[in-house]
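K.L.:
Okay, handing you the structure first.
Computed from the coordinates by the stated procedures, all read-outs in this text should not be read as laboratory data. None of these values were measured; they are calculated from a predicted model. Note: ideal-geometry Cβ built from the backbone for every residue, glycine included; neighbour counts use all protein chains shown.
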Amino acid sequence: MIADLENILDRYNITVAAYHGGKLNGVDCCELIRLTKEILPLFQAQLLDVSHPDRCSSDTIKQTCEVHNDLFSTLDLISLKIRLKYKEPKEEDYSILDRSLNNLDYLWKVANLSFTPKIHSILAHALEQMSRLQGIGDMLEDDVEHIHQMAARIEMQTSRMNNKALKPFIHSKVEAIQNSHAIKEKITESQHNAKRAFKKRNPVTVPLEKNAKLKTERDKMRNEKMQNLEKKTHSNLDPIKFKSNK
């Protein structure tokens, strides 16, 4: 059954990673959350098609998929707000995040999921840190990972140097060049000037207006989902119990 569900994820290029303990990595988790409206119904249909005598009832399967659909949608909205960078959040963003965190706490308990350190940090500290620092989107894990990758690339450039005294100096110099805003601007300007200039036959405003309209629709749907969840209509799911092979 697990293989059947993983095959569904494969259709969307979402795969478990061996280097990640056989679980989904962060990128694939984000993709699953983004596509939850398409994937969860497929999961539900696959589970309902099982004919094993120990299978859960159809109502339990449907309720479980519905709860996790709402849970993923809530995580999507929370992620959207937490990723706002320094001085980007507005008062409305803080209010939406607060309400979404309350919904996440409610859904997490309904789903009988464990409160891991990461979930605790989101529920208990995300709003306070975001308010105190006026946005934490530029201090999240992916930014730290990006810094690690940059350091690894510099290390590869200097790893074969025989002069051990000169190595840290060159490493610092390369790092300073890569982090220099003035140099980044010059590189961007040079790359832009090197591009061929094509005539723009179609106005740019059409795709911009379309993207703005889609974003407005997505935000509206997210807010409607948040408001519906605040009614707390879900009943608690039964804890998963694995039967003995005896």
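K.L.:
Could you pull out which residues in segment 209-234 have an amide N less than 20 Å from a spot 7 Å beyond the Cα of Lys90, following the Cα-Cβ vector?
P.N.:
209-227
K.L.:
Taking the Cα centre of segment 156-196 as the origin and placing charges on Cβ (Lys, Arg +1; Asp, Glu -1), which of Ile177, Met161, Thr188 is farthest toward the positive end of the dipole?
P.N.:
Checked the options; the winner is Met161.
K.L.:
Hey, fewest Cβ within 10 Å first, where do Asp76, Asp98, Asp10 land in order?
P.N.:
Values: Asp76 17, Asp98 14, Asp10 11.
Fewest-to-most Cβ neighbours within 10 Å comes out as Asp10, Asp98, Asp76.
K.L.:
Hey, another quick one. Set the Förster radius R0 to 22 Å, insert the Cβ-Cβ distance between Leu113 and Asp238 as r into 1/(1 + (r/R0)^6), and round the FRET efficiency to 0.05.
P.N.:
Working: r = 13 Å, r/R0 = 0.59.
It comes out at approximately 0.95.
K.L.:
Among Ser51, Ser190, which comes first, then next, by fewest other beta-carbon atoms within 10 Å? Let's see the in-between values first.
P.N.:
On the way: Ser51 6, Ser190 9.
By the 10 Å Cβ count, ascending: Ser51, Ser190.
K.L.:
On to the next question. What per residue convex hull volume, in Å³, do the alpha-carbon atoms of the chain yield?
P.N.:
234
K.L.:
Tell me, what is the percent relative contact order of the chain, built from C-alpha pairs under 8 Å that lie six or more residues apart?
P.N.:
20
K.L.:
Assuming 0.36 nm per residue, please report the length gained on full extension of the stretch Thr60 to Asn193 beyond their Cα-Cα distance.
P.N.:
Extending this stretch completely gives an extra 41.9 nm.
K.L.:
Tell me, what is a quarter of the convex hull surface for the C-alpha atoms of segment 150-197, in nm² with one decimal? It would help to have the intermediate numbers written out before the result.
P.N.:
Details: hull surface 16.8 nm².
One quarter of the hull surface, i.e. the mean projection, equals 4.2 nm².
K.L.:
Evaluate the charge dipole of segment 156-196 about its Cα centre and quote only its size in Debye, nearest 20, assuming +1 on the Cβ of each Lys and Arg and -1 on the Cβ of each Asp and Glu.
P.N.:
180
K.L.:
How big is the charge dipole of the chain about its Cα centre, in debye rounded to the nearest 20, if each Lys and Arg gets +1 on its Cβ and each Asp and Glu gets -1 on its Cβ?
P.N.:
That gives the chain a dipole magnitude of about 940 debye.
K.L.:
List Ser172, Ser73 from most exposed to least, where exposure is judged by having the fewest other Cβ atoms within 10 Å.
P.N.:
Ser172, Ser73
K.L.:
Suppose each label sits 7 Å from its Cα in the direction of the beta carbon; what would the Lys210-Asn162 distance come out to in nanometres?
P.N.:
Computed distance between label sites Lys210 and Asn162 equals 6.0 nm.
K.L.:
Cα centroids of segment 135-201 and segment 16-44: how far apart, whole angstrom?
P.N.:
About 31 Å separates the Cα centre of segment 135-201 from the one of segment 16-44.
K.L.:
Now a separate question. Sort segment 61-157 into rounded, prolate or oblate with this rule: let a ≥ b ≥ c be the square roots of the eigenvalues of the Cα gyration tensor; rounded if a/c is under 1.5, and if a/c is not under 1.5, prolate when a/b is larger than b/c, oblate otherwise. Let's see the in-between values first.
P.N.:
On the way: a/c = 2.55, a/b = 1.51, b/c = 1.69.
Taking the square roots of the gyration eigenvalues as a ≥ b ≥ c, segment 61-157 is oblate.
K.L.:
Right, another one. In nm, to one decimal, how far is the modelled label at Ala17 from the one at Glu224, with both set 7 Å along Cα→Cβ?
P.N.:
Distance between the two pseudo-spin positions: 3.5 nm.
K.L.:
With N set to the number of residues, divide the alpha-carbon radius of gyration of segment 1-61 by 2.2 N^0.38 Å and report two decimals.
P.N.:
1.22
K.L.:
Okay, moving on. Can you compute the radius of gyration and Dmax for segment 1-126, using only the Cα atoms, both in Å?
P.N.:
16.4, 56
K.L.:
Moving to a separate point now. Collect residues whose amide H, placed 1.01 Å from N in the peptide plane, falls under 5 Å from the amide H of Leu24; neighbours closer than 5 in sequence don't count.
P.N.:
Answer set, sorted by chain and number: Ala17.
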